[in-house]
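Written out below as structure tokens is the structure these notes cover.
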Amino acid sequence: MAAVTDPDIWRSAALLIQSHRKEAPTYAAERAQGFKAEGDMAGWSIWSQISLAAAELLRSEPGPDDRVN
């Protein structure tokens, strides 16, 4: 299996947002849990990262520790 790179995670998150809109992080988290339930920790890790990336892409306000230019 090829290594999953950070750009792959972000691209996957962006594509997921196109198809699932604001539900993308939840959808990815549910997929992650499905992989975890099957004992596939690699799948769980990838989908968990996609969930976090999708949530970050959908975020409209900076976080308390974010620098704003």
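Where a number appears in this text, it was derived from the coordinates with a stated rule and is not lab data. Nothing here was measured: the structure is a model prediction, and the numbers come from that model. Reconstructed Cβ throughout: ideal geometry from the backbone, glycine too, with neighbour counts over all protein chains shown.
Here are some notes:
- Residue satisfying all of: in the range 24-50; among the polar types (S, T, N, Q) and out of contact with any Asp or Glu (no Cβ under 9 Å at 6 or more places or on another chain); nearest to Trp10 (Cα to Cα) among these: Ser48
- Hey, Lys36 assigned to a helix (DSSP H, G or I), in contact (Cβ under 8 Å) with a residue 24 or more places away in the chain, on the phi < 0 side of the Ramachandran plot and among the charged types (D, E, K, R) or not: no
- Within this structure, Leu52 passes the test of being in contact with a Pro (Cβ under 8 Å, 6 or more places away or on another chain), assigned to a helix (DSSP H, G or I) and of a type in the set (A, V, I, L, M).
- Only one of the listed residues (Ser19, Ser60) is assigned to a helix (DSSP H, G or I) and exposed (fewer than 14 other Cβ atoms within 10 Å of the Cβ). That residue is Ser19.
- For the range 51-69, the set of residues classified as charged (D, E, K, R) and under 18 Å from Asp8 (Cβ atoms) consists of Glu56 only.
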